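Written out below as structure tokens is the structure these notes cover.
The values are calculated or read from the model by the stated rules, or taken from the named source; none is laboratory data. Here the structure is a predicted model, which means the values were calculated and not measured. Counting neighbours? That spans all protein chains shown, and the Cβs are built from the backbone with ideal geometry, glycine included. Ligands, DNA and RNA are excluded from the accessible area calculation, which covers all protein heavy atoms including side chains. Shrake-Rupley method; radii C 1.70, N 1.55, O 1.52, S 1.80 Å.
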Amino acid sequence: MIRLLERLGVPRVLMLGFLAVAIFMTGDGFELTFLSKFMVDQGFTSSQASLLVTVYGLFAAAGGWSAGMLAEMFGARRVMMFGACWWIGIHLLFLGVAIPSRIYPLILGLYALRGIGYPLFIYSFVVLMAQHISPSRLASATGFFWTCFSLGIGVFGAYLPSFIMPVFGECRTFWFALPFSIVGTIMCFLFVPKNKVVKGEGLSRKEQLKELAEGATILVINRKILICAIIRIINNLLLYGFPVIMPLYLCTTHNGGINIFKTEEWMRIWGFVFVVTLIFNTFWGWFMDRFGWVWPMRWFGCAVLAVGSVAFYYIPQWFGANALMMIVASIIVGIGTCAFSSLPTIMTLYAGEGKQGAALSAYNLAAGLTTFAGPGVATILLPVIGYGGVCWTYAALYVLAFVLTLFIRPRQPGFDEHGHRIAKAKNGTAPQDDAVPAVNTVSEESIGVGVAAAEAV
């Protein structure tokens, strides 16, 4: 198993860190599939329920934006520990104070503040990945990272509550998240290595703030990275939008819901999305490193997710309470969601030497914004155009992402400027591409991506 992971580009020093991510995200994802229905059952409106997740996503975006640069300046393990302890502390206040009070502003505020914690934990780990893994293998390793993420937030985070909730009830089920988050935090403290390079050492406060701001300003000055960030935001719209609207559509009669599944049935259906990602996150990373970074994202990511967006709405309309057909729709969404593994690598290459930390912060900001945009679309449009209209809106955004992929053409190691694989020489090695220097060195000034690629013409 260890050798297999090493072949995927995962070094031994990071392996237990990947496991810590999976365990911590199990705790973070415990309420994702039933929170909106729980809020409606407590007497709040569907708009208030979706707004709760939307604002949570906005704060998660702030955490994601700051994670990369903070980890680079102060050390990834230190930032991961801070994010984990923040999450645990706010979660205790959310369960012990906010939920029992039934005061919506208090529930909204504490849940939003909790959203800062998990991006600091998981996206700081991405900085360590960039320092320890060469760009030629980074897409494969990133795929495995998202496999661990999916194993936590989606598989265990969906299936465990689906069995716990019928026994203990929705409110008590929230508390079962804590053991996983605590174990993930302890593993981080014990097994996650320190940064190879800490840029914040010796910098003034003003210089540190400038470094942090680069994670946003790079989106203004680098059009290619902006395009990649928009694609990243669209990438996971369903992953965070559907857990908000589908429990209401499938399990209630609110806003025209059809109420044909029990909540735990919906949770198990949605869990199949993440079961599929366990395979395809790693597969797409491996596939893209060998056959191209962009075209699989275009066809198997954007196009497939456009189909999956509307499939979730129409399959219950056509086939009724057919769990098997809904699982097919989940498989479609799972396959498409994974086909974006190369984006962080592309963004770091477009950033150039010395700006990879800013590129990763921009990537993390986009990843956080998707947790805001997914439920945000539902919050705004659900009262106006209903569940079907929201699903078609998601599909249209994936078509937009499809078009945007036509404007990114990174110079991938081992491929020419047209995206075609360079034939191997007789000695079995690919000719050296002048545009892409050797990828096995670690820059002392950067976060360790170790490559500066020329921008595609």
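Tabulated data for the structure shown
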{"item": "Selected residue (only one of 59, 82, 74 is of a type outside the set (Lys, Arg), at pLDDT below 95 and surrounded by fewer than 19 Cβ atoms within 10 Å (Cβ to Cβ))", "result": "74"}
{"item": "Residue in segment 42-52 that is open to solvent by less than 30 Å² (accessible area, probe 1.4 Å) and β-branched (Val, Ile, Thr) present", "result": "no"}
{"item": "Some residue of segment 357-373 being among the small types (Gly, Ala, Ser), crowded, with 23+ Cβ neighbours inside 10 Å and farther than 25 Å from residue 223 by Cα", "result": "no"}
{"item": "Check on residue 379, of a type outside the set (Lys, Arg) and within 30 Å of residue 209 (Cβ to Cβ)", "result": "no"}
{"item": "Total residues in segment 154-172, condition open to solvent by 10 Å² or more (accessible area, probe 1.4 Å) and either in contact (Cβ under 8 Å) with a residue 40 or more places away in the chain or on the phi > 0 side of the Ramachandran plot (or both)", "result": "10"}
{"item": "The one condition in (1) surrounded by 17 or more Cβ atoms within 10 Å (Cβ to Cβ); (2) modelled with pLDDT under 80; (3) not in a helix (DSSP H, G or I) that residue 201 fails to fulfil", "result": "(1)"}
{"item": "Residue in segment 336-343 that is touching a Cys at 6+ places or on another chain (Cβ under 8 Å) and open to solvent by 20 Å² or more (accessible area, probe 1.4 Å) present", "result": "no"}
{"item": "Selection from segment 104-135 of residues that are modelled with pLDDT under 95, open to solvent by 10 Å² or more (accessible area, probe 1.4 Å) and within 30 Å of residue 44 (Cα to Cα)", "result": "116"}
{"item": "Which numbered condition residue 258 misses (of (1) more than 17 Å from residue 385 (Cα to Cα); (2) assigned to a loop (DSSP other than H, G, I, E, B))", "result": "(1)"}
{"item": "So residue 321, is it open to solvent by less than 20 Å² (accessible area, probe 1.4 Å) and more than 20 Å from residue 32 (Cβ to Cβ)", "result": "no"}
{"item": "Qualifying residue in segment 353-365 (condition: over 22 Å from residue 283 (Cβ atoms), over 20 Å from the mean Cα position of the chain (by Cα) and of a type in the set (Ser, Thr, Tyr))", "result": "no"}
{"item": "Selection from segment 284-318 of residues that are farther than 21 Å from residue 228 by Cβ, open to solvent by 20 Å² or more (accessible area, probe 1.4 Å) and aromatic (Phe, Trp, Tyr)", "result": "313, 314, 318"}
{"item": "Condition met for residue 138 (in a helix (DSSP H, G or I), among the aliphatic types (A, V, I, L, M), at pLDDT 95 or above and more than 18 Å from residue 186 (Cα to Cα))", "result": "no"}
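Rundown of residues vs (1) within 23 Å of residue 374 (Cβ to Cβ); (2) β-branched (Val, Ile, Thr); (3) touching an Asp or Glu at 6+ places or on another chain (Cβ under 8 Å), yes/no style:
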| site | (1), (2), (3) |
| --- | --- |
| 6 | no, no, no |
| 33 | yes, yes, no |
| 38 | yes, no, yes |
| 43 | no, no, no |
| 49 | yes, no, no |
| 70 | no, no, no |
| 84 | no, no, no |
| 90 | yes, yes, no |
| 98 | yes, no, no |
